[in-house]
Amino acid sequence: MKPKILVTRAIFPETIERLSQHCEIDYNDRDAALPADQLAARLSDKVGAITLLSDRIDATALAGASGLKAVCNVAVGYNNFDLAAITQAGVMATNTPGVLNDTTADTAWALLLATARRIVSADKWVRAGQWQGWKFHDDWFGNDVHHATLGILGMGRIGQAVARRAAGFDMRVIYHNRSPLPADIEQACKATRVDKEALLRESDFLVLLLPYSPAAHHTIGAAELAQMKPSAHLINIARGGIVDDSALIEALRQKRIAGAGLDVFENEPALDPRYFALDNVVLTPHIGSSTRATRLAMAMLAADNLIAALAGKRPPNLLNPDVLPA
Ligand code: DGY
């Protein structure tokens with residue numbers, strides 16, 4: 001008999017095919033999150049689960065799932081997991097690092113360039129038929145990206161991929177992490193570590209790549225925005241909640257910073273509607289890793305994690321090694 005698993009929402013046929021070689025699958029094939037009570041009910045007779053960011057896996061979800069061995073998230077971020085509760089329940093938790101670095105770094109750059117050069121507003125203006133002829137002193141002056149200072153808060157693997165791309169723009173790259181990166185990685189990224197205050201003060205483009213945790217809540221609020229240059233742009237490709245959206249909206253409204261490119265929001269998808277009235281912000285719907293190839297690689301990696309865990313092996317991306325016997 002194959003072990004029973006839950007796949008909580010629609011993923012790829014290729015991944016289902018691979019999982020079905022090892023498991024009997026209870027598949028929610030709709031691309032919509034299961035309500036919390038259904039999630040808990042459908043987990044209760046399973047030994048494993050493939051989960052998505054929209055699934056809250058906590059003590060309530062796990063309460064009836066005494067046979068569960070592993071929950072495998074199709075995401076690098078796992079703020080949908082209550083890791084302490086999962087560990088307490090003796091369940092392995094995994095994520096999908098690595099395979100989405102380049103795609104997410106590309107998205108960070110797309111947002112950076114779009115906000116610097118006002119691409120989205122300009123496109124809307126042209127489509128609205130407002131362009132009456134070329135002007136030298138037009139209303140579309142943007143800010144230069146080349147030779148500017150790129151700041152990265154949270155210089156993990158995606159941050160490093162963002163930094164490496166800056167070489168083509170002849171940028172100075174600074175970053176802040178709690179601990180410095182090894183010298184060879186700093187060199188490969190041509191990046192210098194600075195303290196958080198210098199990062200805020202000196203960045204022309206500040207890219208946020210911190211993982212979300214309660215300690216990272218509102219890392220960027222009114223006080224931090226006040227330290228940034230009036231010509232600076234903020235890019236958030238990490239998680240909602242790292243930025244205080246109200247403070248950012250106020251800073252953008254008063255032009256205390258020049259612009260922002262945002263892929264993630266507090267309470268997404270219920271965005272603060274005040275964003276919609278601002279033309280100095282570019283908004284995307286949490287698409288950092290969204291290419292088919294990358295989402296497939298993420299789903300396959302989650303499947304590999306689950307298959308390993310159910311075979312009694314250590315899954316490659318185990319987040320809570322404490323659950324394994326010593
Ligand atoms: C992640 O992997 O954490 C992304 O936000 C999902 O696309």
Would a scan of the range 296-309 turn up a residue that is over 27 Å from Lys69 (Cα atoms) and modelled with pLDDT of 95 or more? no
Sole residue being of a type in the set (A, V, I, L, M, F, W, C) and away from the ligand (no atom under 15 Å from the Cβ), chosen from Leu278, Leu301: Leu278
Could you tell me whether the range 298-321 includes any residue that is of a type in the set (Asp, Glu) and within 19 Å of Thr115 (Cα to Cα)? no
Quick one: which residue in Asp82, Asp123, Asp144 is on the phi < 0 side of the Ramachandran plot, at pLDDT 95 or above, in contact with an Asp or Glu (Cβ under 7 Å, 6 or more places away or on another chain) and away from the ligand (no atom under 14 Å from the Cβ)? Asp82
Tally of residues being in a helix (DSSP H, G or I) and without any contact (Cβ under 8 Å) to a residue 12 or more places away in the chain across the range 254-281: 3
Return the only residue of Ala293, Ala251 being outside any strand (DSSP E or B) and over 20 Å from Gly151 (Cα atoms). Ala293
Would it be correct to say that Arg314 is in a loop (DSSP other than H, G, I, E, B), modelled with pLDDT of 95 or more and not aliphatic (A, V, I, L, M)? yes
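Per-residue answers, yes or no, for (1) within 14 Å of the ligand (Cβ to nearest atom); (2) touching a residue at least 60 places away in the same chain (Cβ under 8 Å); (3) not β-branched (Val, Ile, Thr):
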| position | (1), (2), (3) |
| --- | --- |
| Gln38 | no, no, yes |
| Leu52 | yes, no, yes |
| Lys69 | no, yes, yes |
| Asn73 | yes, yes, yes |
Need pairs with beta-carbon distance below 6 Å; first residue free of Cβ contacts under 8 Å to residues at least 12 places away in the same chain and closer than 25 Å to Asn236 by Cβ and within the range 284-309, second hydroxyl-bearing (Ser, Thr, Tyr) and more than 12 Å from the ligand (Cβ to nearest atom); sequence gap 6+ or separate chains. none
Looking at the range 203-224, can you tell me whether even one residue there is in contact with a strand residue (DSSP E or B) (Cβ under 8 Å, 6 or more places away or on another chain), part of a helix (DSSP H, G or I) and surrounded by fewer than 23 Cβ atoms within 10 Å (Cβ to Cβ)? no
Criterion violated by Arg42 - all others in (1) away from the ligand (no atom under 16 Å from the Cβ); (2) in contact with a helix residue (DSSP H, G or I) (Cβ under 8 Å, 6 or more places away or on another chain) satisfied: (2)
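The values are calculated or read from the model by the stated rules, or taken from the named source; none is laboratory data. Every value quoted in this text rests on a predicted model; they were computed, and no experiment measured them. Reconstructed Cβ throughout: ideal geometry from the backbone, glycine too, with neighbour counts over all protein chains shown.
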